[in-house]
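Data first, discussion second: the structure below is written as structure tokens.
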Amino acid sequence: MLMMQEITADIVQATIRPREADTYKGDYGHVLTVGGNQNYGGAIIMSTMAAVYGGAGLVTAATDPSNFTSLHAQLPEAMVVDDTDVAELTKLIPTMNVIVVGPGLGTDQQAQTILETVFDLVLPKQILIIDGSAIDLVAAQKMTLPDTHIIFTPHVIEWQRLTGIAPDDQTPEKNQAAQQKLHANVVLKKHRTEVYMQDQIWQNTVGGPALATGGSGDTLTGVIAAFVAQFENKQKALLSAVYTHSKISDQLAENAYVTLPTMISHALPSFMAQMAKKTPEDRIGF
Ligand SMILES: NC(=O)C1=CN([C@@H]2O[C@H](COP(=O)(O)OP(=O)(O)OC[C@H]3O[C@@H](n4cnc5c(N)ncnc54)[C@H](O)[C@@H]3O)[C@@H](O)[C@H]2O)[C@@H](O)CC1
Ligand SMILES: Nc1ncnc2c1ncn2[C@@H]1O[C@H](COP(=O)(O)OP(=O)(O)O)[C@@H](O)[C@H]1O
Ligand SMILES: [Mg+2]
């Protein structure tokens, strides 16, 4: 039986610390989110919003141009680029710290071309978060993964598509073997989300059915991107993002039957401020 460790508030409090006074946006990472076709624009808006509210220094969304206006209406802080403009992506991608690909991307030929472009251009020093449709494309097209730091964020059906392991057979042993074969970190999303990284397995014990609404996972990608972009310890940043997304939902769920993805994003700055204020002595009882 494999040992599973619980993600605790301690890890989050140790990760989210007060910002140094003499810093600027360039110190908190540049995130690129790639996705959102003509039908699923909301997915990339939710991912991008979470990256902005989660504290990434700069955020750019590469999406279908039909989403530009709606994205800016909600999120003037983000920049946009046409996700089929290879020349622009070729200039932009090398300047990024973290790339999210997949929310609302779809699985048609155009989506596949966009994903191939990202895989071609991503650099080994970057962090690539592969979610939603991009996981489906990797699985269906048996795409070779790029040489970079990869975080997969599948739900149980996406994980099945990627590994062939049916949800009922998704044991820690089988999941870890599949994760190690992929040479990637895996956030297996479900009621009690599991994080597989290197030889460790972590379980998230916060979060509940108020998160069971379209866009919760899209939002998680943006929180992960913002955290790994701005915090030094990438493993703790990943665990902290998973916890924070769920914990905010739990807190909102005291007064909200369903916690809409945009509600979670809007609550990120105040939750992070609370975490940053905590000293080691405060940690008991949180
Ligand atoms: N507003 C938007 O634009 C939205 C776009 N979305 C995008 O839509 C695309 C397709 O994603 P979907 O996940 O909807 O579709 P999928 O076809 O990947 O997954 C849906 C299937 O997975 C099952 N499933 C998911 N989680 C499960 C769990 N914990 N236990 C058991 N079964 C589970 C569902 O029952 C369903 O059969 C993605 O690109 C995604 O990002 C969705 O995120 C929804 C919102
Ligand atoms: N009952 C639940 N308990 C805890 N977390 C949940 C529950 N239902 C959904 N979630 C969380 O919501 C997110 C759903 O992700 P996903 O299925 O990819 O949504 P979408 O693609 O619509 O954004 C995951 O982080 C998952 O852990
Ligand atoms: Mg999803």
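Things worth noting here:
- The spread of Cα positions in the stretch 19-68, taken along each principal axis and listed from longest to shortest, comes to 42, 14, 12 Å.
- Cβ-based charge dipole, the stretch 120-175, positive-most Cα from 148, 172, 160: 148
- With at most 14 neighbouring Cβ atoms within 10 Å, loop GluC sites (Glu not before Pro) (DSSP) excluded, longest segment of the chain: 78-231
- Calculated [θ] (222 nm, deg cm²/dmol) that DSSP helices of n ≥ 4 give over the chain, each run adding -39,500 (n - 2.57): -14000 deg cm²/dmol
- Most positive-pole-ward Cα, 193, 182, 69, against dipole of the chain from beta carbon charges: 193
- The residues neighbouring residue 153, those whose beta-carbon lies less than 12 Å from its own, together hold a net charge of -2 under the Lys/Arg +1, Asp/Glu -1 convention.
- Kyte-Doolittle mean at least -0.5 and Cα axial length at least 27 Å: DSSP H helices in the chain: 234-253
- As a ratio to 2.2 N^0.38 Å, the alpha-carbon radius of gyration computed for the chain takes the value 0.93.
- Fraction of antiparallel bridges per DSSP, the stretch 5-283 only, in percent to nearest 5: 20 percent
- Within straight-line reach of residue 247, meaning a Cα separation under 27 Å, sit the following lysines at least 8 residues removed in sequence or on another chain: 25, 189, 190, 234, 236, 277, 278.
- For the stretch 55-160, the Cβ-based charge dipole about the Cα centre amounts to some 280 debye (Lys, Arg positive; Asp, Glu negative; other atoms uncharged).
- Normalised contact order of the stretch 165-265, rounded percent, pairs of Cα under 8 Å and 6 or more residues apart: 24 percent
- Counting only DSSP beta bridges whose two residues both lie in the stretch 143-286, roughly 70 percent are antiparallel.
- Contact order relative to length of the chain, as percent, for alpha carbon pairs under 8 angstrom and 6 or more apart: 25 percent
- The stretch 253-280 and the stretch 1-53 have Cα centres separated by 13 Å.
- Taking packing as the residue-averaged number of other Cβ atoms within 10 angstrom, the listed peptides 90-97, 31-38, 138-145 run from highest to lowest as 31-38, 90-97, 138-145.
- The stretch 147-239: trypsin sites (Lys or Arg not before Pro) in DSSP loop, at most 15 other beta carbons within 10 Å: 190, 192
- Rounded Å value of the spacing that divides the Cα centres of the stretch 143-179 and the stretch 72-118: 23 Å
- In this Cβ point-charge picture (+1 for Lys and Arg, -1 for Asp and Glu), the chain has a dipole of about 480 debye about its Cα centre.
Values in this text are rule-based calculations from the coordinates and carry no lab data. Small disclaimer: the values here were computed from a predicted structure and weren't measured. Virtual Cβ from ideal backbone geometry, glycine too; neighbours counted across all protein chains shown.
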